[in-house]
Structure formats: structure tokens, C-alpha cells
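The values are calculated or read from the model by the stated rules, or taken from the named source; none is laboratory data. Note that the coordinates shown come from a computational prediction; the quantities given were computed from them, not determined experimentally. Counting neighbours? That spans all protein chains shown, and the Cβs are built from the backbone with ideal geometry, glycine included.
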There are 2 protein chains.
Amino acid sequence: MAETSAHSLIGQSATQIDTPALVVDLDAMQRNLRRMQAFADTHGVRLRPHAKMHKSAWLAQAQMAAGAVGVCVQKVSEAERLLTLGVADVYVSNPLGSLQKYERLAACFRAVQAQKPQIAVAVDDLRQVQWLAAAWAAAGIAVPIAVLVEIDVGQQRCGVAPGDAAVPLVRAIAEQPTLRFAGLQAYHGRAQHLRGAADRRAAIEGALAAVRATTAALQAAGFAVPLVTGAGTGTFWHEATSGVYGELQAGSYLFMDADYAANQASPDQPAFEHALFVQTRVMSRQRSATDDRAVLDAGHKTHAIDSGLPTVWSGHSAAWAVSNGGDEHTVLRGPALPDLGDVVWLVPGHCDPTVNLHSHLIGVRGGLRDGVVERIITVDARGCVT
Amino acid sequence: MAETSAHSLIGQSATQIDTPALVVDLDAMQRNLRRMQAFADTHGVRLRPHAKMHKSAWLAQAQMAAGAVGVCVQKVSEAERLLTLGVADVYVSNPLGSLQKYERLAACFRAVQAQKPQIAVAVDDLRQVQWLAAAWAAAGIAVPIAVLVEIDVGQQRCGVAPGDAAVPLVRAIAEQPTLRFAGLQAYHGRAQHLRGAADRRAAIEGALAAVRATTAALQAAGFAVPLVTGAGTGTFWHEATSGVYGELQAGSYLFMDADYAANQASPDQPAFEHALFVQTRVMSRQRSATDDRAVLDAGHKTHAIDSGLPTVWSGHSAAWAVSNGGDEHTVLRGPALPDLGDVVWLVPGHCDPTVNLHSHLIGVRGGLRDGVVERIITVDARGCVT
């Protein structure tokens, strides 16, 4: 459905939505939003949710209105979109691979400078420091840009090794009048999806050791670390209570996907509710001597399956077995299967790439089955990969 | 990158493309296009490529200009988009889950009727026949719509069981003046991705037996089968030479992904070239005592991984090991790794959902490394899941 026609759904019964569609339970989402902000406030840490999850200016502003200091993004194109739409504080929590990317960031800052946005970016290579300084100087921007140095705290992806390797980077930043060293980017992505609560805790203890070693090396070289930022929905309570991290970057807590729900809960973690659903319909119902199945009209062009297949919403009376039907289908088997045309709600395995498949989310108030469409949420930075 | 700014790339060197981006080698693509059409022509079968793969009106029209009779789609919204953009013959090769979907199809036919389009749809349930007839009658369309009955030839997804189960459906179609029975939809999706050539052949022999049993049951009931349509890039030469199938629905042959390339080749199959690539850059290059890696700026928001990770383009001098870096990253390890900012081309695992992640494809002439951007190909039906 085109987004313009989606707006005509507002005020209608949720069951009228043409399928498949990505539906947000606004009540559950707002409880999640408040719960996470209250947790951050209680523990005296800043919340900077990762907007790569929802890619929506409206949701970013809702998070900031509730108390978040700003948002993270991974891509310059995401920063461009959100800054242009009035999101006032955006951090690109990633190093960038070319001078051109840093020039785009500078051009974007210039374009929205009148609104006095806060903007920051990560680096993990001396050449990026040079590119960034050159781009900022060429754009003639007087305000220094906040630069964070990414360290590898166990993710084995971007980031310099913990310890001394950060020193020359911070020194190079300090030497540039257009740059300001703002802290360490220290996100442990792998830790988020370890199923065992003790395994996640152990992984974050490793991250803390990596951060402490790096902070010590920087202090020995005469540099203070203003902020350590990181953490995700699978571990944030460990970082928040560590005395090391000052800012949390969790994003998925807002929608809560099936993969995060499959983690063994930790006793000290706040609980979140599923708030994002694939609303789908049975498009084929086949019974034969050898098989009995209901085929849904949503496949992995509707919900990402990188973190596993979707699960069936707990509001259905039966727990059907889900199997992968390819790009456009999902197959259910089990007792009391739904009939042709019946609506079925699925919980996507991974919310970030699922949201990115859609131009908009349909916000429902009053529950999935009895609710009313209240709002169409545009996925403003959908497909922004550059 | 927004599509408008993508058009400014035309005439520029391909290496200037901001990354990540989805790039089409137009020379390779056009060789694939001609090779498949020549194969269909030689074997006296019709070619109706699946446009769910490329979702592009321009590519659909290029296929039809070369001799294809029309295209398939899976979704009503895809049909709406392509018919509106002038694609003259569109078949929705799928049953639909509500009266509303058939009404949308009828409304779309009405809207473009002046261009005399050909339109067809599949069913696998008596209720769908009633819905379709009601929708066509309510729209007051004089031309009967072509209806195909889907049978399950081994996919275990949509479709009635082979044999007698198709008879009441064909009878119900025959009783409706607004409907015309046009044949059997008999696609074996699972067979496409069986690695062994003999396994694929055996699976298609099973499909042929299923079609023959159904045709015999229909003939016994007094119904001729005008057409059997199906087949994909992994098996089409078996269907084409079977004497049973009259139409091939292969789609991936045009771009040829890593998953299809991993199939054991059959001696009687025409070969296709990779024509779709993720153009990416190294955004982080880290060497430490324990690891040596290059991180690319493309993850599974840029290329679908449902059928496996992308592979490294054979034009690179080294065969690096690829590991999953999540939504926005891919990690390379191995000898002579590329440096920060270097361009790397990947071959996506599965072209259909990869294309669907992008608003446009960048068509390059003259090879990936030395080529020039010739054309921006809009993914017109991107995100059309309803």
C-alpha cells in the first residue's frame, strides 16, 4: 500500500488493514519507551537510542521528548534524513570509509546549522581523522565536531584494539582545531544475542576490561575520556551499572523482537513487550492425505529472517509451527489452523532490518485484535544505506 | 543516495559510485537475457519471467521486447505498479487471501483497460473463485479474466494436491462467465535450490508426474488443460524439454545470484553470468596481534542473506573469507586484504530480496572496474508486498 493511501486507514479498525503490513502496538511501545527512559534516569546514565532500528524522525523525537539526549545512526544518509527532519542530536556511531562520506556529513551540518544541531561521528583510523578534519575545514564550519574513537570490545568488527592503539588517534584528534575528542565508542554487538544471562554478563565484563585498559592508556598519555558510549537491548543494565559507561545506545527495546525475547532473562533487567507485528492473512489453506497447512501472505520480503523466523503472536489460541515459505509466504502447521482469509499476527525475528523493508508502520491503539489505527509512522530513512 | 541524485552519476566512472550500492553489469545482463530467450525459442516454449525478482517495468519491457510473452508477479501491488507503468501482460502467479485483493486487481484492470492489457491470476480454493468472479462482475468488466489453478508439485506451499482435487476448481471456473480457465500453475520452488543436478532432475520428474495426473483427472472430467506454467532458474531446461510445460517462469537467470551459482551444473543447462553486484568499500581496516580484517560498509540491509552470505566477485585477486557483520557490515579475512576506502564487489546470495532493499539499481557498461554508469533502473515495485 502506498503511504498516502495508508493515511486513509486512520480511525479504522485494525483488522481492516490490507495484508501483509507492519503494525505497531502503540500502547506497548509507549510503555517500553517510558520503561527504558526511567531505567536510564534511575541509574544516572544518558540514553541515546539507536535510530538504525526505526529510521523514523517521529520516533526519534518521541524518544528525545521522553528524555533521550539524541539518537545514534550508522549511516551518513540516515543522519542526513533525520537532521533534515529536525532531529536535533545525531551521532554516526561508525567509522566511515571515504573522504566523500565525511564531506557529506559536513555539507549536511552546514545545511541545518541554523537549527544548531549536535552532531558526532566515530573513527578508528588516522586517515579518517585527516578526512574528517579536511572536510570540516573545507566546509568552513567554526564549531568543532565531536569525535569518538571506536574500540573493539569483543565484537571483532570495527574499532581499534583496546589499550594503547587509541592513543595516536586521540592525539591526532586533539591536534585538529576543528575536532573535539568526545569519548569512546564501545559497543559489544555479539554480547547482545548470547542466550545465557551469565554469558552476556561475562561478555560485558570483558568489554569493561577493554574500556578500562584503553582509558588507562589515554590517561597515561594525558588524555581524559569524557564519555564511554555503547550497550544494546540484551545487556544495557550491565553497562548502566558499571560506573564505566555514561550513555546507552539500545534501540530494539522499543519494539522488542523475537530474537531478543529468546534470550534467557536476567533478574536485574527491565522487561519489554513485543510492540511490532507482521499482520498477515491466510492466502491458501490446504488439507490433503499427507499434509495440513495454512499459508500466510508474508515472507522474508516482509520480515527479515537473519535472526530466525518470526514467531506466532501469543494472543493466538494455538502455538502453530512456523516454517519458511520464501520471499512471500510463511507456512503454519499444527492444531486448529486458521482458515483462508483469517488474520494472523507474527512477531518478527529482528526488528531493525524488518522495519527497513517498509515505507511506513501502522500504529494501532487498543490492541491488535480490537484496536483502531491511530497513526502512520513514516520510515523516513528506509533504504538509507550509504 | 536518493534516486534523483543517482541520475547525476550517468556518464561517470563506476568507481565513483558512493557505497554501498547495487550495481548491474549491463553487458552480462543482456547476454543472460538473450541466452534465456534463445533457449525458450529453440525449445518451442513461452518465456514469462518472474518480475518479483527485479520489480522493474523497464526490465520487464526489455524481457518482452526480446520475446517474453509477459511477466509473472506474486502480489497485487506489483501487478498494479507494473500495469500502470505500461507492462502489457501480467500474471499474478499466486492465490490471494481476500475478496479485497481480487477487487484491487479488478480496479487496476479497469484503470488500464484502454491499453488492452493481458491479466491472469492463480487460485487454489473454491472461495477464491467466488471472490474473483464477484470482483470481476462488480467491476463490470466484459473481458473474462484468465485463471490458472495452482497444484502442489512438491513445494508444499500453495496449491491443491495433484489429481482429482483440481476438478471442482476448474468446474467452478468454467461455470463463471467472467472467468476463463487458462491452465495449471505448477512451480516447484524447492527443486530450484537442490544442489545436486540429479536431485533437481528427480524433483522435476515428480512434478511432471503430478501435472500428468492432474491433466488426466481434468480430461476425464471433460476439461482440456490449455497451458502448464512454472519452472525456475535451477531446473527450467527439464520443464522446457518435458513436452508438458508450455511456459517458463524463471526470473533469477537475468542477474544470477550466488545461491544459484552454487548448484551443481547440469550438462544440458545454458550457463548464466553474475550480473548483479553489491559495490562496497572498506570502512575499517584493523590489524592486531590476534586479528587481521577488513570491514565492508554493506550488511544485510544492503543484501539479503536468506540464501547465504554474499561471495566475493571473482575479479578480485584473492578469495577472502566472508563473515556476517550484521545489518550494515561484512567482514573479510584472508591474504592481501583491501585497504581502507578500497572498493570491493560482492555477489549477493539471493537476488530477489536483495533488489527489493533498493530504490534503484545502477547500470554499468564496460565492466565493474573500468565501466561507466549508463542507466539508473528504478525498482518500481520495491516494497510492494500487499
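Here's a check for you: in segment A:42-53, which residue that is touching a strand residue (DSSP E or B) at 6+ places or on another chain (Cβ under 8 Å) and outside any strand (DSSP E or B) is farthest from the other protein chains (Cβ to nearest Cβ)?
Residue satisfying both the conditions and the ranking: A:VAL45.
If you go through segment B:227-243 one residue at a time, how many are within 11 Å of B:TYR187 (Cα to Cα) and not polar (S, T, N, Q)?
6
What's the total number of residues in segment A:267-300 that are among the hydroxyl-bearing types (Ser, Thr, Tyr) and not in a loop (DSSP other than H, G, I, E, B)?
So the answer is 2.
Can you list residue pairs whose Cβ atoms sit under 6 Å apart, with the first residue in segment A:354-369 being closer than 16 Å to A:PRO310 by Cβ and the second being assigned to a loop (DSSP other than H, G, I, E, B)? Count only pairs 6 or more apart in sequence or on different chains.
A:THR354/A:HIS303; A:THR354/A:ALA304; A:THR354/A:PRO348; A:VAL355/A:HIS54; A:VAL355/A:VAL379; A:ASN356/A:ARG382; A:ASN356/B:LYS301; A:HIS358/A:VAL379
Restricting the search to segment A:292-306, which residues are facing chain B (nearest Cβ under 10 Å) and surrounded by fewer than 21 Cβ atoms within 10 Å (Cβ to Cβ)?
Once the filter is applied, which keeps residues that are facing chain B (nearest Cβ under 10 Å) and surrounded by fewer than 21 Cβ atoms within 10 Å (Cβ to Cβ), segment A:292-306 yields only A:ASP306.
So A:LEU22 clears everything in (1) part of a helix (DSSP H, G or I); (2) in contact with a helix residue (DSSP H, G or I) (Cβ under 9 Å, 6 or more places away or on another chain) except one condition, right? Which one?
The number of the failed condition is (1).
Name the residues in segment A:344-367 that are surrounded by fewer than 19 Cβ atoms within 10 Å (Cβ to Cβ) and either not in a strand (DSSP E or B) or not basic (Lys, Arg) (or both), would you?
Answer for segment A:344-367, where residues must be surrounded by fewer than 19 Cβ atoms within 10 Å (Cβ to Cβ) and either not in a strand (DSSP E or B) or not basic (Lys, Arg) (or both): A:SER359, A:GLY366, A:GLY367.
Considering every residue within segment B:313-328, establish whether at least one is part of a strand (DSSP E or B), within 11 Å of chain A (Cβ to nearest Cβ) and not polar (S, T, N, Q).
Looking through segment B:313-328, none of the residues is part of a strand (DSSP E or B), within 11 Å of chain A (Cβ to nearest Cβ) and not polar (S, T, N, Q).
Working carefully through the options A:ALA319, A:ALA289, find the one that is hydrophobic (A, V, I, L, M, F, W, C), without any contact (Cβ under 8 Å) to a residue 12 or more places away in the chain, surrounded by fewer than 24 Cβ atoms within 10 Å (Cβ to Cβ) and farther than 16 Å from A:MET256 by Cβ.
Every option except A:ALA289 fails the conditions.
Looking at segment A:79-116 only, could you name the residues that are over 20 Å from A:VAL69 (Cα atoms) and of a type outside the set (A, V, I, L, M, F, W, C)?
A:PRO95, A:GLY97, A:SER98, A:GLN100, A:LYS101, A:TYR102, A:GLU103, A:ARG104, A:ARG110, listed by residue number.
Being at the interface with chain B (Cβ under 10 Å from one of its Cβ atoms), more than 25 Å from the chain's Cα centre (by Cα) and modelled with pLDDT of 95 or more: is that true of A:ARG127 here?
When the stated conditions are applied, A:ARG127 passes them.
Can B:PRO353 be described as of a type outside the set (Ser, Thr, Tyr), under 25 Å from B:LEU82 (Cβ atoms) and within 11 Å of chain A (Cβ to nearest Cβ)?
So B:PRO353 passes the test.
Quick one: how many residues across segment B:130-154 are touching a helix residue (DSSP H, G or I) at 6+ places or on another chain (Cβ under 6 Å) and under 24 Å from B:ALA207 (Cα atoms)?
Number of matching residues: 5.
Specify which of the listed residues (A:SER13, A:SER56, A:SER5) is surrounded by fewer than 21 Cβ atoms within 10 Å (Cβ to Cβ), among the small types (Gly, Ala, Ser) and touching a strand residue (DSSP E or B) at 6+ places or on another chain (Cβ under 7 Å).
A:SER13
Only one residue in A:ALA197, A:ALA191, A:ALA120, A:ALA161 is within 12 Å of another protein chain (Cβ to nearest Cβ), in contact with a Ser or Thr (Cβ under 9 Å, 6 or more places away or on another chain), within 30 Å of B:SER323 (Cβ to Cβ) and of a type in the set (A, V, I, L, M), so which one is that?
A:ALA161
Restrict the check to segment A:226-238 and report whether at least one residue is more than 14 Å from chain B (Cβ to nearest Cβ), farther than 18 Å from A:PRO162 by Cβ, surrounded by 15 or more Cβ atoms within 10 Å (Cβ to Cβ) and small (Gly, Ala, Ser).
No.
Would you be able to tell me the number of residues in segment B:162-209 that are touching a strand residue (DSSP E or B) at 6+ places or on another chain (Cβ under 8 Å), farther than 24 Å from A:HIS329 by Cβ and of a type in the set (Gly, Ala, Ser)?
1
What pairs can you find where one residue is in segment B:34-47 and closer than 22 Å to B:GLY183 by Cα, the other is acidic (Asp, Glu), and their Cβ atoms are less than 7 Å apart, with a gap of 6+ or different chains?
Final answer for the pair search is B:VAL45/B:GLU247; B:ARG46/B:GLU247.
Mind listing whichever residues of segment B:370-386 are more than 10 Å from chain A (Cβ to nearest Cβ), in a loop (DSSP other than H, G, I, E, B) and among the hydroxyl-bearing types (Ser, Thr, Tyr)?
Answer for segment B:370-386, where residues must be more than 10 Å from chain A (Cβ to nearest Cβ), in a loop (DSSP other than H, G, I, E, B) and among the hydroxyl-bearing types (Ser, Thr, Tyr): there is none.
Out of everything in segment A:84-109 that is in contact with an Asp or Glu (Cβ under 9 Å, 6 or more places away or on another chain) and of a type in the set (A, V, I, L, M), what residue ends up being farthest from the other protein chains (Cβ to nearest Cβ)?
Out of the qualifying residues, it is A:VAL90.
Filter segment A:239-291 down to residues that are within 14 Å of another protein chain (Cβ to nearest Cβ), of a type in the set (Gly, Ala, Ser) and out of contact with any Lys or Arg (no Cβ under 7 Å at 6 or more places or on another chain), then give me how many there are.
Counting residues in segment A:239-291 that are within 14 Å of another protein chain (Cβ to nearest Cβ), of a type in the set (Gly, Ala, Ser) and out of contact with any Lys or Arg (no Cβ under 7 Å at 6 or more places or on another chain) gives 4.
Give A:ALA182, A:ALA197, A:ALA146 a once-over and let me know the one that is surrounded by fewer than 22 Cβ atoms within 10 Å (Cβ to Cβ) and over 18 Å from A:THR229 (Cβ atoms).
Just a single option satisfies the conditions, and that option is A:ALA197.
Please specify each residue of segment A:241-251 satisfying the condition of being among the small types (Gly, Ala, Ser) and surrounded by fewer than 24 Cβ atoms within 10 Å (Cβ to Cβ).
Answer for segment A:241-251, where residues must be among the small types (Gly, Ala, Ser) and surrounded by fewer than 24 Cβ atoms within 10 Å (Cβ to Cβ): A:SER242, A:GLY243, A:GLY246, A:GLY251.
Residues being within 27 Å of B:ILE151 (Cα to Cα) and either within 14 Å of chain A (Cβ to nearest Cβ) or in contact (Cβ under 8 Å) with a residue 40 or more places away in the chain (or both): count how many of those fall in segment B:57-80.
Going through segment B:57-80 one residue at a time, the tally reaches 12.
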